[in-house]
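Any read-out appearing in this document is the output of simple, stated calculations on the displayed coordinates, not a laboratory observation. Fair warning: this is a prediction, and the values are worked out from it, not measured in the lab. Here the Cβ positions follow ideal geometry from the backbone for every residue, glycine too, while neighbour counts run over all protein chains shown.
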Amino acid sequence: MSELGKVYLVGAGPGDPELLTVKAHRLLQGCDALVYDSLVPQQVLDLVPERCERHFVGKRRGHHSVPQPSTNAVLVELAGRCRCIVRLKGGDPFLFGRGGEEAAHLASHGVPVEVVPGVTAGIAAPAYVGIPVTHRRAGSSVTFVTGHEEIDKRRPGVDWRGLARASDGLVIYMGLHNLRRIAEELIAGGLAPDTPAAVVQQGTVKGQRHLVSELALLADQAEAMGFCSPSIVVVGQVVAQRVESAAAEPANVDMPIPF
């Protein structure tokens, strides 16, 4: 059997191409095959050489998605005939990116695999509007949590009431769809209704906008203003430490159709 190629699980960052790591940029320019997700802008995809095979395996809410086992199979198959395979994921591969699952699957098939961390949207999106996720006077702990799970299911994976008192701040990924129920659960768990909270939509790229409000009002206001995914929600006193002049200019980059 010929030697297997190597798969790099690469973080594409939150969207702004300038937030790619140097290592990610180098691998994209030299890869033989690219397997990529939905939230990767065209400007990043344009970095790969023309000879490179491209395989889209993105997932979007309400749309047909490529099942995870199919993605795993594609990576193993490519490793059998390509030298350098980049598995490109929005943000960081090991933070709500299923990178751990893919790494384990590749390792079980004897495929060499290496993780290339990326800038996660949970830090970058708030930062681009001037919100720190920790602050010496407002929050020494922060919890990154997915809001994608249905709260009403029999055994929810996230204990929102417990989190209300367990961390100084919450950074919620994919939480816009369940925002009203999340806020209700956090308040039931002990957070004050007027706790500072924010939504950042399309962080770091064209279309970026944000809403700063109170936890109890956030869902109504976000709905009235037409906020949509991809968005990051931040809850905690760190939101009140926002420094508007520290905000960064978003890149003039279109993100793909949001999920």
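Below, the figures for the structure above:
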| quantity | calculated |
| --- | --- |
| Computed lengthening from SER108 to ASP254, 0.36 nm per intervening residue step minus Cα-Cα distance | 48.9 nm |
| Interchain or long-range residues, amide H under 5 Å from VAL116's placed H | LEU9, VAL10, GLY11 |
| Segment GLU101-SER245, extension gain: residue separation times 0.36 nm, minus the distance between their alpha carbons | 47.8 nm |
| Whole-number percent relative contact order across segment 121-246, with pairs defined as alpha carbons under 8 Å at least 6 apart | 34 percent |
| More than 22 angstrom apart: percent of Cα pairs within segment 121-246 | 26 percent |
| Rule-of-thumb Rg ratio for segment 152-216 [Cα; 2.2 N^0.38 Å; N residues] | 1.18 |
| Most mobile of GLY175, GLY122, GLY207 in a GNM of the chain (Cα contacts under 10 Å) | GLY207 |
| Linear extension gain, GLN68 paired with LYS23, 0.36 nm per residue minus alpha-carbon span | 13.6 nm |
| Lys pairs under 26 Å by Cα in the chain, provided they are eight or more residues apart or on distinct chains | 10 |
| Within a Gaussian network of the chain (alpha carbon springs, distance under 10 Å), most fluctuating of ALA222, ALA164, ALA248 | ALA248 |
| Sequence ranges 11-19, 237-245, ranked by mean other-Cβ count within 10 angstrom, highest first | 11-19, 237-245 |
| Residue order, fewest to most beta carbons within 10 Å, for HIS109, HIS210, HIS135 | HIS109, HIS135, HIS210 |
| Cut-off 13 Å, label 7 Å out along Cα→Cβ of ASP46, residues of segment 221-259 by amide N | 252-255 |
| Dimensionless Rg/Rh of segment 6-116 - Kirkwood Rh, Rg from C-alpha atoms | 0.92 |
| Centroid-to-centroid separation of segment 1-47 and segment 62-132 [C-alpha atoms, Å] | 10 Å |
| Ratio of Rg to Rh over the chain (Cα coordinates, Kirkwood Rh, two decimals) | 1.00 |
| Degrees separating the helix 99-108 axis from the principal Cα axis of the chain, which is the longest one | 30 degrees |
| Nearest 10 degrees, 0 to 90: helix 215-224 Cα axis against the chain principal axis | 60 degrees |
| Computed [θ] at 222 nm, helices only, for the chain once each DSSP H run of length n ≥ 4 contributes -39500 (n - 2.57) | -7500 deg cm²/dmol |
